[in-house]
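What follows is a set of notes on a single structure, which appears directly below.
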Amino acid sequence: MGMGINQFGMTKSYFNGGTVSFTYSKGFYCDKTVSAASSSGCEAGAKYKVAPAKNFDPLYIAVPLGFTVPSMSMECPTGLVCVDHPGTIDLSRLEPDLKPLYPQLTATQLTTALKNSATPGHEHFITTLNGGKAEWWNVDVIGVTKRSEWNEIMAHKSFSFLNQQVSKKLTTPIIPTNLFLYFSVN
């Protein structure tokens with residue numbers, strides 16, 4: 001069982017240049033052996049230690065940083081909680097990397113603000129369909145800091161292109177989390 005409230009619903013994801021749907025059937029899971037200050041127990045910046053299952057696949061989420069994207073143009077928009085996603089996440093481990101986006105805040109102020117952040121708006125990317133079978137997916141985050149880069153990534157709709165941008169340092173590195181989501185790909 002997941003830790004989050006079980007909801008049933010769907011979101012979309014990018015896969016190999018196309019769009020597929022996810023069907024969620026369990027609440028999210030965040031590894032509580034990893035410290036997190038968020039109300040959900042979820043955090044970004046440190047990898048899980050205890051997974052909810054032996055077998056799982058990665059789910060990459062692209063997050064716009066330092067610019068806004070029209071909320072309803074994202075599958076999981078800023079300000080809304082997607083089905084079976086946590087409402088909050090601890091981003092304080094990312095404070096040094098996020099500091100340039102918030103020059104008006106001191107490092108201490110920003111760290112405090114990041115400890116129980118609303119889960120940011122994002123898009124999903126996967127590398128397998130897992131034969132349409134439901135499973136746990138570990139969440140890895142990739143921050144996109146330029147609107148032009150975001151637009152290119154969204155136009156390509158594939159993790160392979162997104163990963164090329166990571167390799168070229170046109171995005172943040174892949175950021176691990178202690179978060180897992182449970183869904184099947186339709």
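Taking the conditions exactly as written (in contact with a Pro (Cβ under 7 Å, 6 or more places away or on another chain) and over 20 Å from residue 70 (Cα atoms)), does residue 136 satisfy them or not?
Considered against the rule, which asks whether it is in contact with a Pro (Cβ under 7 Å, 6 or more places away or on another chain) and over 20 Å from residue 70 (Cα atoms), residue 136 comes out as yes.
Out of everything in region 112-141 that is farther than 17 Å from residue 42 by Cβ and among the β-branched types (Val, Ile, Thr), what residue ends up being most open to solvent (accessible area, probe 1.4 Å)?
Ranking the candidates gives 112 first.
Counting only residues that are among the small types (Gly, Ala, Ser) and crowded, with 16+ Cβ neighbours inside 10 Å, which one in region 26-41 is farthest from residue 94 (Cα to Cα)?
27
So which of 95, 152 ends up being part of a helix (DSSP H, G or I), of a type in the set (D, E, K, R), within 23 Å of residue 68 (Cβ to Cβ) and open to solvent by 70 Å² or more (accessible area, probe 1.4 Å)?
Criteria check complete, one pass: 152.
For region 107-128: of the residues being of a type in the set (A, V, I, L, M, F, W, C) and within 18 Å of the chain's Cα centre (by Cα), which is modelled with the lowest pLDDT?
It comes out as 118.
For region 155-186, which positions are surrounded by fewer than 16 Cβ atoms within 10 Å (Cβ to Cβ), among the aliphatic types (A, V, I, L, M) and in contact (Cβ under 8 Å) with a residue 40 or more places away in the chain?
If the condition is that a residue be surrounded by fewer than 16 Cβ atoms within 10 Å (Cβ to Cβ), among the aliphatic types (A, V, I, L, M) and in contact (Cβ under 8 Å) with a residue 40 or more places away in the chain, then 174 is the only one that fits.
If the requirement is being in contact (Cβ under 8 Å) with a residue 40 or more places away in the chain and under 15 Å from residue 12 (Cβ atoms), which of these qualifies: 86, 77?
Being in contact (Cβ under 8 Å) with a residue 40 or more places away in the chain and under 15 Å from residue 12 (Cβ atoms) holds for just one of 86, 77, which is 77.
If I filter region 101-124 for residues that are among the aromatic types (Phe, Trp, Tyr) and more than 18 Å from residue 66 (Cβ to Cβ), do I get at least one hit?
No, every residue in region 101-124 fails to be among the aromatic types (Phe, Trp, Tyr) and more than 18 Å from residue 66 (Cβ to Cβ).
Which one of these does residue 104 not meet: (1) in contact (Cβ under 8 Å) with a residue 40 or more places away in the chain; (2) part of a loop (DSSP other than H, G, I, E, B)?
Exception for residue 104: condition (1).
For region 78-92, check the following and say yes or no: at least one residue is in a helix (DSSP H, G or I), in contact with a strand residue (DSSP E or B) (Cβ under 7 Å, 6 or more places away or on another chain) and open to solvent by less than 70 Å² (accessible area, probe 1.4 Å).
Checked against the condition, which is being in a helix (DSSP H, G or I), in contact with a strand residue (DSSP E or B) (Cβ under 7 Å, 6 or more places away or on another chain) and open to solvent by less than 70 Å² (accessible area, probe 1.4 Å), region 78-92 yields no hits at all.
Restricting attention to region 42-72, report how many residues are open to solvent by less than 20 Å² (accessible area, probe 1.4 Å), more than 22 Å from residue 127 (Cα to Cα) and either of a type in the set (Phe, Trp, Tyr) or assigned to a strand (DSSP E or B) (or both).
Total meeting the criteria: 1.
The values are calculated or read from the model by the stated rules, or taken from the named source; none is laboratory data. Everything numeric in this text was worked out from a predicted model, so none of it was measured. Every residue, glycine as well, gets a Cβ built from its backbone with ideal geometry; the counts of neighbours run over all protein chains shown. Ligands, DNA and RNA are stripped out before the accessible areas are found, and what is left, the full protein with its side chains, is counted by its heavy atoms. Shrake-Rupley method; radii C 1.70, N 1.55, O 1.52, S 1.80 Å.
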